1. For the range 177-285, list the helices (runs of 4 or more DSSP H) that sit wholly inside it and hold at least 1 residues that are small (Gly, Ala, Ser) and touching a helix residue (DSSP H, G or I) at 6+ places or on another chain (Cβ under 6 Å); which are they?
2. Is it the case that residue 144 is at pLDDT 95 or above, crowded, with 22+ Cβ neighbours inside 10 Å and out of contact with any Cys (no Cβ under 9 Å at 6 or more places or on another chain)?
3. Within the range 134-180, which residues are closer than 16 Å to residue 191 by Cα, within 16 Å of the ligand (Cβ to nearest atom) and not aliphatic (A, V, I, L, M)?
4. Does the range 101-115 contain any residue that is hydrophobic (A, V, I, L, M, F, W, C), within 11 Å of the ligand (Cβ to nearest atom), surrounded by 18 or more Cβ atoms within 10 Å (Cβ to Cβ) and within 17 Å of residue 36 (Cβ to Cβ)?
5. For the condition under 23 Å from residue 265 (Cα atoms) and among the β-branched types (Val, Ile, Thr), what is the one hit in 145, 188, 194?
6. For the range 66-87, what are the residues that are more than 23 Å from the chain's Cα centre (by Cα), touching a residue at least 12 places away in the same chain (Cβ under 8 Å) and part of a helix (DSSP H, G or I)?
7. Hey, any hits in the range 249-265 for a residue that's out of contact with any Leu (no Cβ under 7 Å at 6 or more places or on another chain) and at positive phi?
Amino acid sequence: MNNVTIVGSGNWGSVAAKLIASNTINLRSFNDEVRMWVYEETLPSGEKLSDVINQTNENVKYLPGVKLGKNVVADPDLMNAVKNANLLVFVTPHQFMEGVCKRLVGKIRKDAEGISLVKGMEVKREGPSLISTLISNQLGINCSVLMGANIADEIAKEEFSEATVGYRRDKAAAERWVQLFNTPYFSVTSVQDVEGVEMCGTLKNIVAVAAGLIDGLKMGNNTKAAIMRIGLKEMLAFSKLLFPSVKDSTLFESCGVADLITTCLGGRNRKVAEAFALNGGKRSFDELEEQMLKGQKLQGVLTAKEVHEVMVTRGWVDMFPLFKAVYEISSGFLPPTAIVEFNNNIPHHIKNKL
Ligand SMILES: NC(=O)c1ccc[n+]([C@@H]2O[C@H](COP(=O)([O-])OP(=O)(O)OC[C@H]3O[C@@H](n4cnc5c(N)ncnc54)[C@H](O)[C@@H]3O)[C@@H](O)[C@H]2O)c1
């Protein structure tokens, strides 16, 4: 019998719990109960978030108004939450994943399998690492990924969307994840390209920041479409340079072009970047994140910084003018208007490739 634990309980983590709980209750090979590790917080009422989730069946802070399913159990104790699980779903903001993994070393079942819903990468002196690789290396488990055009609040309302599971070798494991997540309103397929799927999910947040700047500058659809096109090309080129096995076809799955479109039209990275440009770059992304997202985390700006570090180390900066511009604008080195000016400074031989 399979036991599922979700490591994370933010906006997307809570929706993942709802999706999974609706399946475990109907599928015979899964135990009904879904454990959800909650990074404990005290609410303004003085109550603990995990207690309120268990009393109301609702994550009142990160997904208010949505019932998670009676078989979801919030657990603030990470070790207790994972101890019986053979299926671990990782879904915290990427900056917390290393710390979480460190705490889990030696504490999970030997036969555990993981899936990462985390968008972002770890950049160290030794080089960049995907979050699924970090999980595999630190915990010694096989780790697939699930990414897609998935703005959590829309899926919580059971509006139809799609997602892609990326797996390394184990097709049977991938099919089990598909079974666990797939619902009539959440259509999941799998591809054997874990790096391609994860790189798409990670890099599109940088392009979403660029799209938000365009909105804040009150530019129109043509400009945004141009930014998305250039962004998509940079995503593919960067992914292939880091991981030559990445398949072009992965870009046509939900994790690729569909996620890019939805994130550039909606989503928190776009929203905060729009506010940044509307304020002429005078209020920092950190300040806007705190004010606008109420505890939710922005990923695109951090990813732009991490990707820039990789580009500098490897001598790739001139090959990725859009990624570079997003980094320089979000770090305050250039004004928001530079998002459309970067185009003028691109050497001809590189421009032809964009
Ligand atoms: N929200 C979406 O629409 C969406 C969709 C697809 C993928 N994702 C990805 O899912 C991942 C998780 O995002 P989310 O939306 O569930 O989270 P969120 O941004 O809504 O919430 C932040 C979470 O981080 C937790 N947290 C704060 N400090 C922490 C710490 N020190 N250690 C561990 N946890 C801490 C908070 O308790 C909260 O659960 C991200 O990588 C994101 O890119 C999000």
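1. Helices (runs of 4 or more DSSP H) meeting the threshold: 194-216, 221-242, 268-278.
2. yes
3. Listed by number, the residues that qualify are 143, 144, 148, 162, 164, 166, 177.
4. No, that holds for no residue.
5. Only one candidate passes the filter, namely 188.
6. Hit for the range 66-87 is 79, nothing else.
7. no
One line per residue, one yes/no per condition, for (1) within 12 Å of the ligand (Cβ to nearest atom); (2) in contact with a helix residue (DSSP H, G or I) (Cβ under 7 Å, 6 or more places away or on another chain); (3) within 24 Å of residue 229 (Cβ to Cβ); (4) among the small types (Gly, Ala, Ser):
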residue: 288; (1), (2), (3), (4): no, yes, no, no
residue: 294; (1), (2), (3), (4): yes, no, no, no
residue: 300; (1), (2), (3), (4): yes, yes, yes, yes
residue: 304; (1), (2), (3), (4): no, yes, yes, yes
residue: 307; (1), (2), (3), (4): no, yes, yes, no
residue: 312; (1), (2), (3), (4): no, no, no, no
residue: 318; (1), (2), (3), (4): no, yes, yes, no
residue: 321; (1), (2), (3), (4): no, yes, yes, no
residue: 330; (1), (2), (3), (4): no, yes, yes, yes
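The values are calculated or read from the model by the stated rules, or taken from the named source; none is laboratory data. As the structure is a computational prediction, the values presented were derived from the model and not from experiment. Ideal geometry is used to build each Cβ from the backbone, glycine not excepted, and the neighbour counts take in all protein chains shown.
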